[in-house]
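The values are calculated or read from the model by the stated rules, or taken from the named source; none is laboratory data. Bear in mind the structure is a predicted one, so any value in this text is a computation, not a measurement. We place every Cβ from the backbone using ideal geometry, glycine too, and count neighbours over all the protein chains shown.
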Amino acid sequence: MPAKGFFRHIPAASSLIMVTLLAGCSSRPDQAPPPAPEVVRSEIVRLLPASVPDRQGWATDIYRAFEAQNIDPTVENLCSVLAVTEQESNFQVDPAVPGMGKIAQDEIDRRASKLHIPNLIVRSALDIRSSTGKTYNQRLAAARTEKDLSMIFDDFIGLVPLGRTLFGNLNPVHTAGPMQVSIEFAEHQAQDYPYPVESSIRHEVFSRRGGMYFGIAHLLGYPVSYDKPLYRFADFNAGWYASRNAAFQSAVARLSGKRLALDGDLISYGFTPSLGQTELAVRSLHEQLNMRNPTIRSQLEKGETLEFEETDLYRKVFALADKAAGKPLPRAILPGIVLESPKITRKLTTAWFAQRVDERRVRCMGRASGRLK
């Protein structure tokens, strides 16, 4: 289960444009025609776990997402998508979450307490009848999935003044669908969405076609220089380029002697301008790097793009760190992030998530027929 739990805000990397060929993934020789759609769909059906219902429907939606985004449907890419989906939801379009109603109630109470709103007022607001005729308390008690909860919060925010006080105009359900993709990410990547949007992108992410489209975009829709799919899986959990950036942070820590969280965040993403620990550590190296602080900042801001690897900062840091270590250091490592979410009941990490997904990918590739390369 990912760190991006439905009450946690995950900033989307919105500065990248979708690319037609993905670095780090095999591309087809110019002379080789792409496989026919029916061949790809047939292979997806073969790769899906035997227990998945409506296998043709899943194959159709997955193939359409690959086609619309010009992503090569290699066995590795297909198995990567299926592995994430199996890990996140076991191929449930809107997976149930144990204790969903209580999780939501606890979050409402937490926010009310932070705003010093008396419990009596909160209880009274939740006893108001909603648009369905049931009270919000009744609907919360019956909620089983994130879609249930999202619909309740849409209603609560739109109709009850206290809802807007607690949540503003932002629905606190942040992830959805069979790949548990960030709704904010989907909203930023919706310009080329190939289906008609009946209500909102938020609602589309709760569907199979929308959840798979945006989940595939988040997993494969950006270029990387990784040599293993494992690092894409970590990025899926922690954010684009988190694995590469964690390796950069490790190199900076080695050079500066400062202890850094290897979380992939190169700059502070808080609501108020501030310098994060990674940026401060890099600034402490300015004489060795022969770089001024404004230049350091501007190049760290490229940390959500592939272009960061072409910056003087990236190259100089690794040149110095490689020399100090006496060997080339890794350019990607698994981020050291403990997953936090109301849905998680035991201590899990991004590394655990990535490794579990990779195990599923390997098993999936064992089911491949060899018709796709």
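Key figures for this structure:
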| read-out | value |
| --- | --- |
| Hits in region 191-219 (condition: hydrophobic (A, V, I, L, M, F, W, C) and touching a residue at least 24 places away in the same chain (Cβ under 8 Å)) | V205, F206, M212, F214, I216, A217, L219 |
| Residues of region 298-308 that turn out to be in a helix (DSSP H, G or I) and surrounded by 16 or more Cβ atoms within 10 Å (Cβ to Cβ), as a count | 4 |
| Tabulated pairs, region 309-322, first within 11 Å of M291 (Cβ to Cβ) and assigned to a helix (DSSP H, G or I), second among the β-branched types (V, I, T) and at pLDDT 95 or above, C-beta under 9 angstrom, 6+ apart or interchain | D312/T295; L313/V282; L313/T295; L313/I296; V317/V252; V317/V282 |
| Subset of region 95-132 [in a helix (DSSP H, G or I), exposed (fewer than 14 other Cβ atoms within 10 Å of the Cβ) and in contact with a Leu (Cβ under 8 Å, 6 or more places away or on another chain)] | I121 |
| Set R232, R244, R254, R202: member being closer than 16 Å to E88 by Cα and basic (K, R) | R232 |
| The one condition in (1) more than 22 Å from the chain's Cα centre (by Cα); (2) over 25 Å from G336 (Cα atoms) that A186 fails to fulfil | (1) |
| Number of the exception - S268 against (1) free of Cβ contacts under 8 Å to residues at least 24 places away in the same chain; (2) polar (S, T, N, Q); (3) under 25 Å from K327 (Cβ atoms) | (3) |
| Residue in region 133-151 that is nearest to the chain's Cα centre (by Cα), counting only those that are within 22 Å of P95 (Cβ to Cβ) and not in a helix (DSSP H, G or I) | T145 |
| Some residue of region 78-96 being in contact with a helix residue (DSSP H, G or I) (Cβ under 8 Å, 6 or more places away or on another chain), more than 30 Å from I152 (Cα to Cα), modelled with pLDDT of 95 or more and not aliphatic (A, V, I, L, M) | yes |
| Unique residue being of a type in the set (A, V, I, L, M, F, W, C) and in contact with a helix residue (DSSP H, G or I) (Cβ under 8 Å, 6 or more places away or on another chain) when the list is A36, A68, A32 | A68 |
| Single match in L48, L78 (criterion: within 18 Å of the chain's Cα centre (by Cα), touching a residue at least 12 places away in the same chain (Cβ under 8 Å) and under 21 Å from R367 (Cα atoms)) | L78 |
| Residues of region 83-103 satisfying the condition of being free of Cβ contacts under 8 Å to residues at least 40 places away in the same chain and under 14 Å from L48 (Cβ atoms) | N90 |
